[in-house]
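A.B. asks: Take this structure first; my questions come after.
The values are calculated or read from the model by the stated rules, or taken from the named source; none is laboratory data. Here the structure is a predicted model, which means the values were calculated and not measured. Virtual Cβ from ideal backbone geometry, glycine too; neighbours counted across all protein chains shown.
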Amino acid sequence: LEHVIKWACYNNIKDTVRVVRTDVPETYELIEKMLQFWSDALRSRRIHLGMDETHDLGRGKYLDYKGYAPPFELFNNHLEKVNRICAEVGLRPMIWSDMYFRMSNPEQDYYCECEVPAEVSRKIPENVQLVYWDYYHRDAADYRRMIQSHRKMGFEPVMASGIWTWGRFFYDHEQSVKTVVPCIEACLAEKVNEFFFTMWGDDGALCDWNSMYAGLFSAADLTFGCRDEKRTARIFETVCGADYSEVLAASEINVKMKDKSGEELDILPTMLLWDDPLMGMVQKNYASKIDHFEREIRHKYREIAEKMEKASGGNRGGNLERIRLLALFLGQKISYHRDLTEAYRAGDRRKLRRLTGSRWKELLKSFDRLNRAMRDNYLLNSKAFGLEILEIRNGGLRARLLECRRRLREYLAGDIDCIDELECALPDKLVWPDRPWVYGTGVATACRLSFP
């Protein structure tokens, strides 16, 4: 919604940057237009209204004009108005359930062991379905507890699990299986009637859409009780015309590694790709948390590139060539930044000169090949809108690669005394953004990181 209300013509209905005011008629005029459009466009009479993550409801312009109002009151009053519009245009609504739980505790934790007040539940329209979304838990007991909590509210939940696609260039099979399987087990045990899988496109929808089919086939088979992955592979290959094992091999680009405390960390290719090549803050952050990170991750990327080199190719199960080029470039980029940092700190001018020559040229060529593949894959699967975000990010990264060599040459020629980005010592601990896959529209990953 924030992409709509950011425009000046909607200033009057804006409560905060991502929440609308519930006290002005213009809000409901806009929502009626939206609902009428979808009612006319689609045969289905069911519609998902969303209404999730409205953490700051009533805390912006509403507070300025009207004063404080309990969030539950604002939320239910708004839902009642929107539900009435749905009835007028012949739609049956469902909404995400998270805010009822979040507003029940000061931490706004969806999955807390708290109960929604009975007087609040009674005011939820009976015809509105509540959708319990959970893409994270790995224990069936957590899902069962939340399903039961919804039933205590007097509602039979619809379950929404996730095929992990957001913040990634390729479907994440390992993460999906670890969360989907316990969710399915809980839903079967609790006899949940309706279940669907989400495939989000946060921050540019850069995930290869065709790679998602492997996740959908796997999840569907698991839902209907099939645990035979060979059978899943046969059906996938028959329907999609792609090799299931090759797609899962490409999915390994979403590397998981253990940190020094034994906690599993996602090594996100998006973060490493757009990590500034001079600052290397993401790379340094991972290296500070994981023993031998740079050596291990380069080895892993080399393995993935070799597997993709031997793959049969094609795009029906995802663009494997793009993953090969991504793995190659990431390995080269990580190695280059490590060598650059070590040579600069050691005062090794001979090694620094080599880093302005063939090593740098090969790195730039590798990036240009990847950039072309990313552009072609985007246009193969999507309309052009949104390509500009990808190209701005990649264009920014290329500019920084050029600046890296320029700065090195200036330093070696004595035109500058130091390279500021390489002089700065980072603290032992960096703080990731709240949602690390969201990094803006340029080579902004490092800029969005902060010191404690």
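A.B. asks: Exactly one of these conditions fails for Leu408: (1) more than 30 Å from Ser245 (Cβ to Cβ); (2) surrounded by fewer than 21 Cβ atoms within 10 Å (Cβ to Cβ). Give me its number.
C.D. replies: Result: Leu408 passes all but (2).
A.B. asks: Can you find a residue that is modelled with pLDDT of 95 or more, under 24 Å from Arg372 (Cα atoms) and of a type in the set (S, T, N, Q) anywhere in region 328-342?
C.D. replies: Our first condition is that a residue be modelled with pLDDT of 95 or more; within region 328-342, this holds for 328-342.
In the following step, the residues that additionally are under 24 Å from Arg372 (Cα atoms) were identified as 328-337.
When the remaining residues are screened for being of a type in the set (S, T, N, Q), the result is 332, 335.
Yes: region 328-342 contains one or more residues that are modelled with pLDDT of 95 or more, under 24 Å from Arg372 (Cα atoms) and of a type in the set (S, T, N, Q).
A.B. asks: Then there's this: Could you look through region 36-57, keep only residues that are over 27 Å from the mean Cα position of the chain (by Cα) and of a type outside the set (Asp, Glu), and pick out the one that is surrounded by the most Cβ atoms within 10 Å (Cβ to Cβ)? Outline the logic, then answer.
C.D. replies: To start, the set of residues in region 36-57 that are over 27 Å from the mean Cα position of the chain (by Cα) comprises 36-37, 39-45.
Retained after the next criterion (residues that are of a type outside the set (Asp, Glu)): 36-37, 39, 41-45.
Values: Gln36: 15, Phe37: 11, Ser39: 17, Ala41: 8, Leu42: 11, Arg43: 4, Ser44: 10, Arg45: 12.
Among them, the one singled out is Ser39.
Listed here are the residues, each with its yes/no results for (1) under 26 Å from Ile419 (Cα atoms); (2) surrounded by 18 or more Cβ atoms within 10 Å (Cβ to Cβ).
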position	(1), (2)
Phe236	no, yes
Glu264	no, no
Met271	yes, yes
Val282	yes, yes
Tyr301	no, yes
Gly317	no, yes
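A.B. asks: Which one of Arg227, Arg231 is free of Cβ contacts under 8 Å to residues at least 12 places away in the same chain, under 25 Å from Glu185 (Cα atoms) and not in a loop (DSSP other than H, G, I, E, B)?
C.D. replies: Values: Arg227 fails: not in a loop (DSSP other than H, G, I, E, B).
Matching residue, one of Arg227, Arg231: Arg231.
A.B. asks: Also, I was wondering about something else. Given Ile323, Ile389, which one is assigned to a helix (DSSP H, G or I), at pLDDT below 95 and β-branched (Val, Ile, Thr)?
C.D. replies: Values: Ile323 fails: at pLDDT below 95.
Result of the check over Ile323, Ile389: Ile389.
A.B. asks: Testing Asp291 on (1) without any contact (Cβ under 8 Å) to a residue 60 or more places away in the chain; (2) surrounded by fewer than 18 Cβ atoms within 10 Å (Cβ to Cβ); (3) closer than 30 Å to Gln148 by Cβ, one condition comes back false. Which one is that?
C.D. replies: For Asp291, the exception is condition (3).
A.B. asks: Another one. Could you please let me know if Thr232 is of a type in the set (S, T, N, Q) and farther than 25 Å from Leu380 by Cβ? Show your work before the answer.
C.D. replies: Working: of a type in the set (S, T, N, Q): yes; farther than 25 Å from Leu380 by Cβ: yes.
Here the answer is yes, as Thr232 does meet what is asked.
A.B. asks: Find the residue count for region 156-165, including only residues that are buried (at least 22 other Cβ atoms within 10 Å of the Cβ) and either free of Cβ contacts under 8 Å to residues at least 24 places away in the same chain or in a loop (DSSP other than H, G, I, E, B) (or both).
C.D. replies: Total meeting the criteria: 4.
A.B. asks: Looking at region 373-390 only, could you name the residues that are among the acidic types (Asp, Glu) and either farther than 15 Å from Glu321 by Cα or within 20 Å of the chain's Cα centre (by Cα) (or both)?
C.D. replies: Glu388 - this is the single residue of region 373-390 that is among the acidic types (Asp, Glu) and either farther than 15 Å from Glu321 by Cα or within 20 Å of the chain's Cα centre (by Cα) (or both).
A.B. asks: Further question on the same structure: Looking only at region 334-372, filter to residues that are touching a residue at least 40 places away in the same chain (Cβ under 8 Å) and exposed (fewer than 14 other Cβ atoms within 10 Å of the Cβ); which one of those is farthest from the chain's Cα centre (by Cα)?
C.D. replies: Residue satisfying both the conditions and the ranking: Arg349.
A.B. asks: Specify the residue that is farthest from Cys404 (Cα to Cα); the eligible residues are those in region 328-358 that are of a type in the set (Gly, Ala, Ser) and not in a helix (DSSP H, G or I). Before the answer, list the steps.
C.D. replies: First, the residues of region 328-358 that are of a type in the set (Gly, Ala, Ser): 331, 335, 343, 346-347, 357-358.
If we keep only those that are not in a helix (DSSP H, G or I) as well, we get 347, 357.
Values: Gly347: 17, Gly357: 12 Å.
Once the filter is applied, the top-ranked residue is Gly347.
A.B. asks: Would you be able to tell me the number of residues in region 172-215 that are closer than 17 Å to Asn381 by Cβ and in a helix (DSSP H, G or I)?
C.D. replies: Kept after step one, since they are closer than 17 Å to Asn381 by Cβ, are these residues of region 172-215: 199-215.
Still in the running and in a helix (DSSP H, G or I): 209-215.
Counting residues in region 172-215 that are closer than 17 Å to Asn381 by Cβ and in a helix (DSSP H, G or I) gives 7.
A.B. asks: Count, please, the residues in region 161-186 that happen to be over 30 Å from Met374 (Cα atoms) and in contact with a Ser or Thr (Cβ under 8 Å, 6 or more places away or on another chain).
C.D. replies: First, pick out the residues of region 161-186 that are over 30 Å from Met374 (Cα atoms): 181-186.
Now restrict to residues that are in contact with a Ser or Thr (Cβ under 8 Å, 6 or more places away or on another chain): 183-184.
Number of matching residues: 2.
A.B. asks: I'd like to verify a number: residues in region 242-299 that are touching a strand residue (DSSP E or B) at 6+ places or on another chain (Cβ under 9 Å) and aromatic (Phe, Trp, Tyr), how many?
C.D. replies: Total satisfying the criteria: 2.
A.B. asks: Here is a follow-up. Suppose the filter is surrounded by fewer than 18 Cβ atoms within 10 Å (Cβ to Cβ), in contact with a helix residue (DSSP H, G or I) (Cβ under 9 Å, 6 or more places away or on another chain) and in a helix (DSSP H, G or I); does Ser218 pass it?
C.D. replies: Numbers: surrounded by fewer than 18 Cβ atoms within 10 Å (Cβ to Cβ): no; in contact with a helix residue (DSSP H, G or I) (Cβ under 9 Å, 6 or more places away or on another chain): yes; in a helix (DSSP H, G or I): yes.
Against the criterion (surrounded by fewer than 18 Cβ atoms within 10 Å (Cβ to Cβ), in contact with a helix residue (DSSP H, G or I) (Cβ under 9 Å, 6 or more places away or on another chain) and in a helix (DSSP H, G or I)), Ser218 does not qualify.
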